[in-house]
Amino acid sequence: MGNEAAELDFADILRTNQSMVFSLALRFVRDRAAAEELAQDVFLQFYQQMSRIESPAHATWWLRRAVCHRSIDEVRKRKLRPRVGLESAPEPVEKAKPFDPMLQSRLRRLVGLLPEKARMVVLLRYQEDLDPGEISEMLEMPVSTVKSHLHRSITLLRGKLLKQEVCS
């Protein structure tokens, strides 16, 4: 560990990354209360591991990876014990207005129907703007699998959107 690790401030890291952690959790688990709890658990785990963090960039990487794995685990637990919850949790306030709110809403709902790993790959690619190599490392899967998830998911989403357009 270099000098930078000693200078890391938990409050700064929390402030810098809390919206990213919460947003990923919320979009994945689609339950505001569960996303808040999940984000809190991720930051608690981070605080306990902070001595191993080497830089602010490493902190962001660690938090992104942790929220991905915890979100997938949470969804799998729910499948084992289903919970009644709100179908559409309110989203955090976005900085920019979406071009087509109806499309955005339908797309968000359709992404929520993807299988867990494919959904996380899509969120990491298009919400967090990570490239397939970064996603591969984050989720510990081959780059070819990441690309395959992306291709299949986009094809599936495009087909469902086109089908909704025809049926509307």
### Query
Assuming Ala11 fulfils every condition listed in (1) free of Cβ contacts under 8 Å to residues at least 12 places away in the same chain; (2) of a type outside the set (D, E, K, R); (3) touching a Ser or Thr at 6+ places or on another chain (Cβ under 6 Å) apart from one, which condition is it?
(3)
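Yes or no, residue by residue, for (1) hydroxyl-bearing (Ser, Thr, Tyr); (2) assigned to a helix (DSSP H, G or I); (3) under 19 Å from Leu139 (Cβ atoms); (4) not assigned by TED's automatic domain parsing to the domain that holds Gly112:
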residue	(1), (2), (3), (4)
Ser19	yes, yes, no, yes
Arg27	no, yes, yes, yes
Trp62	no, yes, yes, yes
Ala66	no, yes, yes, yes
Ser71	yes, yes, yes, yes
Lys77	no, yes, yes, yes
### Query
Would a scan of segment 44-60 turn up a residue that is of a type in the set (Phe, Trp, Tyr) and either closer than 24 Å to Val122 by Cβ or not assigned by TED's automatic domain parsing to the domain that holds Phe10 (or both)?
no
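Residue-wise test of (1) of a type in the set (Asp, Glu); (2) out of contact with any helix residue (DSSP H, G or I) (no Cβ under 7 Å at 6 or more places or on another chain); (3) assigned to a helix (DSSP H, G or I); (4) under 26 Å from Arg78 (Cβ atoms).
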position: Ile13; (1), (2), (3), (4): no, no, yes, no
position: Ala33; (1), (2), (3), (4): no, yes, yes, yes
position: Gln40; (1), (2), (3), (4): no, yes, yes, yes
position: Phe46; (1), (2), (3), (4): no, no, yes, yes
position: His58; (1), (2), (3), (4): no, yes, yes, no
### Task
Can you give me the number of residues within segment 53-88 that are at pLDDT 90 or above, among the hydrophobic types (A, V, I, L, M, F, W, C) and over 17 Å from Glu36 (Cα atoms)?
5
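The values are calculated or read from the model by the stated rules, or taken from the named source; none is laboratory data. Bear in mind the structure is a predicted one, so any value in this text is a computation, not a measurement. FYI the Cβ positions are ideal-geometry reconstructions off the backbone, even for glycines, and counts take in every protein chain you see.
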